[in-house]
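A quick write-up on the structure given underneath.
The values are calculated or read from the model by the stated rules, or taken from the named source; none is laboratory data. Just so you know, these numbers come straight off a predicted model, no measurement behind them. In this analysis, Cβ positions are derived from the backbone assuming ideal geometry, glycine residues included, and neighbour counts consider all displayed protein chains. The area values use the complete protein model at the heavy-atom level, side chains included, leaving out ligands, DNA and RNA. Shrake-Rupley method; radii C 1.70, N 1.55, O 1.52, S 1.80 Å.
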Amino acid sequence: MVYIGEAENVFVRLNQHLSAKDFWNEAIIFTSKDENLNKAHIKYLENRLHEIAKQTNRYLLENGCIPTQSSISESDRAEMEEFLNYVLLLVNTLGHKVFEDKREFSSSTKSKEILYINSVRGCEAMGEQTSEGFLVLKGSKVAESVTPSLSNSFKNFRDELLKKEIIINNQFTEDFIFSSPSYAAAIVMGRNANGLTEWKTSDGRILKSLETI
C-alpha cells in the first residue's frame, strides 16, 4: 500500500499521518535545491506520480481522491517531467516498484518474445518472461474448470485471484506476475503443468528451448 501526497511543511504532514494512517512504516521525501519548486510544480508532480502508480497497479493506492493536475507552462512541464524521471529512478533504486511497469521493454530493436498457451476448457493465455518472474498478460483466458489432481496450493491461489477480481469471468483483468512459468501454466490451465514445455511461441517453440539459446 502507498500514499502519494504533497506538503509545504513535511514535518507537520508526517506527524498528521502518524496519527491518521497506521499502514505505513517508511516515507520517501523529494524536495529541490534552492526552493525552485512552487506549489503548481508540486501539484503537477503529485498528480503524475498518482497517475503512474495507478497505471502500473502494483501497490494499493491509499489516496482518497485523485490529485488535481495544475496548469503550468510547456517549459515548466518539460522541467517537471525531467524531475519526475529522477524520482522514478530513485524510488526504484530504493527497492519500491510502485512506478515500474510490469512489462519489460528492451532498448534494442528486438521485441520480447510473447508466449502462448491454448488448451482445452477455454484456456487462451499470453505471457512473457521477466526478471521478476513470469508475466501473464491482461486479457488472457484461464480454463473454465480445474482438474481433481490440481494441487491444493494452486487451487487456493486461483481462488484468491478470483476473490481479488484479478480474474473475472475466467479472464485476467490486469497483467499479473507469477513466481515461475509452471505456476502461471498451472493457474491458466487448471491442472498441474510444466511451464517450460507448455508455454510456446507463435511458431511452436517451447519456453525451455528459448532459455537454452
_Candidate set: segment 79-121, residues that are within 18 Å of the chain's Cα centre (by Cα) and among the basic types (Lys, Arg); chosen: the one modelled with the highest pLDDT_ = 97
_Given the criteria touching a strand residue (DSSP E or B) at 6+ places or on another chain (Cβ under 8 Å), on the phi < 0 side of the Ramachandran plot, surrounded by 17 or more Cβ atoms within 10 Å (Cβ to Cβ) and at pLDDT below 95, does residue 128 qualify?_
yes
_segment 39-56 residues that are within 19 Å of residue 8 (Cβ to Cβ) and among the hydroxyl-bearing types (Ser, Thr, Tyr), paired with ones that are modelled with pLDDT under 95 and open to solvent by less than 20 Å² (accessible area, probe 1.4 Å) (beta carbon under 6 Å, 6 or more apart)_ = 44/80
*For segment 187-195, does any single residue satisfy the condition of being assigned to a strand (DSSP E or B), touching a strand residue (DSSP E or B) at 6+ places or on another chain (Cβ under 6 Å) and not acidic (Asp, Glu)?*
no
*Name, by its number, the condition in (1) open to solvent by 90 Å² or more (accessible area, probe 1.4 Å); (2) at pLDDT 90 or above; (3) of a type in the set (A, V, I, L, M); (4) within 20 Å of the chain's Cα centre (by Cα) that does not hold for residue 66.*
(2)
*Hey, could you check segment 1-30 for residues that are open to solvent by 90 Å² or more (accessible area, probe 1.4 Å) and more than 26 Å from the chain's Cα centre (by Cα) and say which is farthest from residue 82 (Cα to Cα)?*
19
*asked:* Need the failing condition index for residue 76 against (1) open to solvent by 50 Å² or more (accessible area, probe 1.4 Å); (2) part of a helix (DSSP H, G or I), just the number.
replied: (1)
